[in-house]
Structures are given as structure tokens and as C-alpha cells.
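Written below as C-alpha cells is the structure these notes are about.
The values are calculated or read from the model by the stated rules, or taken from the named source; none is laboratory data. Since this is a predicted model, take the numbers as computed values, not measurements. Heads up, the Cβs are rebuilt from the backbone with ideal geometry, glycines too, and the neighbour counts pull from every protein chain shown. In case anyone asks, the SASA skips ligands and DNA or RNA and just uses the protein heavy atoms, side chains included. Shrake-Rupley method; radii C 1.70, N 1.55, O 1.52, S 1.80 Å.
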Amino acid sequence: MKKYLNTILYAILFVSFTQIVNLFDVQAIGPQGSTVGLAGLNSAVHNFFGMHLFWYKLTEVFGILAILVAAFFAVVGFIQLIKRKSLLKVDKNILMLGVIYILVILLYVLFERFSINYRPVILDEGLEPSYPSTHTMLILTILGTAAYISGAYIKNTKLLIAARIACFVIMALTIIGRMICGVHWFTDILGGILISVFLISLYKDLVSVKKEEK
């Protein structure tokens with residue numbers, strides 16, 4: 001149980017933070033009178049940064065890149081399945097990556113259906129759920145797990161270092177970009193980071209368990 005302690009703590013931290021956002025300092029400061037938790041903090045940060053659509057578009061590109069990375073590992077797993085003719089013979093770290101991707105999809109759908117906050121601005125579809133930033137969750141989780149798993153598939157040391165640096169740079173730019181682009185509240189980004197840390201930690205735990213079973 002001790003080996004899962006960090007992952008459990010990350011889950012508790014996300015749930016606790018979500019409750020805080022849901023219950024404290026809730027005010028109607030959003031578009032069309034929509035309510036926002038921790039309104040004073042969120043309003044101050046949003047007013048400070050304003051809107052920067054360049055960063056919004058850039059992080060949208062990062063989202064596409066992340067999906068392509070996920071597709072790459074999905075193809076690797078599919079090829080292994082065809083060649084080895086058994087799901088159980090697919091690399092365990094690829095299988096567990098599939099589990100995390102499924103969780104990301106389920107959480108994405110869940111957070112899009114049940115809104116805690118709405119975006120601070122109206123884009124193309126009227127009021128849109130904003131907490132947590134699912135875009136941030138998607139990119140951080142996919143690239144965070146990719147950086148962890150890449151050592152098993154990239155044998156060239158320099159290429160491996162470059163790939164991991166690229167992952168971390170895009171992750172950092174995603175956090176910064178979504179923070180200052182103006183389409184999310186500050187707490188949306190924090191929520192996205194917290195759920196991503198939980199998912200990445202969960203992946204490491206799942207891979208560790210599979211290694212011990214060998």
C-alpha cells in the first residue's frame with residue numbers, strides 16, 4: 001500500500017481542491033452571470049493577464065501534438081498485438097498506457113458534462129465547462145507519461161534526452177499558455193495540473209506493479 005501512497009495523496013489533493021473551488025467565495029463573475037469559485041483570486045488573475053489568443057492557438061497545436069503522440073503509442077501497441085497474437089504479450093508499459101488514455105477520455109467526458117466553473121469568456125459554443133482545464137490535463141498526462149516511457153523505446157541517449165526535453169518544454173508552455181491566454185480561470189489550470197500529476201503517478205505505479213509480476 002505504501003507504494004501507492006503518493007498517488008492516493010494526489011487524488012485526495014485534487015478532490016479537496018475541487019471542493020474548495022466548488023464551495024468557497026462563489027460569485028457570479030462569469031459570462032451570463034455564471035458563478036465561479038474562489039472568485040476574488042480568479043478575477044484578479046484573469047484581469048491581470050487579459051486575453052492573448054496567440055497562446056490559445058499555440059496550446060491548441062500542442063493538444064494536436066499530444067494526440068499524435070498518443071496515436072503513435074497506440075500504433076506501437078497494435079503492431080505488437082498483431083505480431084505477438086495476444087494482448088497479454090503486448091509490452092506492459094504500453095498496455096498500462098492504454099489504461100491511462102482510457103481514464104483521460106472518461107475524465108474528459110465527465111468534466112465536459114458536469115461543470116464546476118464555466119469559461120471566463122464565451123467562444124464559439126456559448127457557456128463552456130472550464131474546470132479543470134481538460135486541455136491541460138490531456139497534454140500534461142500524455143506527454144508526462146511519454147517522457148517516462150520513452151526510455152524503453154529510444155536507445156540513442158542524445159535522442160532520448162532531446163525527446164524528454166521537448167516533452168517537458170511543451171508541458172511548461174502549455175501551463176503558461178493556458179494560464180495567460182484568458183480562456184480559463186486560474187483555478188482551472190491548477191485543477192488540470194493536479195489531475196495530471198495523479199494520472200502520471202498512477203501510470204508509474206501500474207508499470208511498477210507489472211515489472212514486479214515478471
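Among residues of the range 137-166 that are within 26 Å of Leu194 (Cβ to Cβ) and free of Cβ contacts under 8 Å to residues at least 40 places away in the same chain, those with a Cβ under 8 angstrom from a residue that is assigned to a helix (DSSP H, G or I) and among the hydroxyl-bearing types (Ser, Thr, Tyr), sequence gap 6+ or separate chain, pair up as Ala163/Ser150; Arg164/Ser150. Scanning the range 172-180 turns up one or more residues that are part of a helix (DSSP H, G or I), more than 16 Å from Phe14 (Cα to Cα), touching a residue at least 40 places away in the same chain (Cβ under 8 Å) and among the polar types (S, T, N, Q). Using beta carbons and a limit of 7 Å, which pairs, at least six apart or on different chains, have the first residue in the range 98-116 and at negative phi and hydroxyl-bearing (Ser, Thr, Tyr) and the second one open to solvent by 40 Å² or more (accessible area, probe 1.4 Å) and at pLDDT 90 or above? Sorted first by the residue in the range 98-116, then by its partner, the list stays empty.
All told, Leu123 falls short of being modelled with pLDDT of 90 or more and either open to solvent by 30 Å² or more (accessible area, probe 1.4 Å) or farther than 20 Å from Leu65 by Cβ (or both). Evaluation of Ile67 against the conditions (1) open to solvent by less than 70 Å² (accessible area, probe 1.4 Å); (2) closer than 15 Å to Ile139 by Cβ shows that the sole unmet condition is (1). For the residues Val36, Val104, the requirement of being buried (at least 17 other Cβ atoms within 10 Å of the Cβ), out of contact with any Lys or Arg (no Cβ under 9 Å at 6 or more places or on another chain) and over 25 Å from Ile149 (Cβ atoms) singles out Val36.
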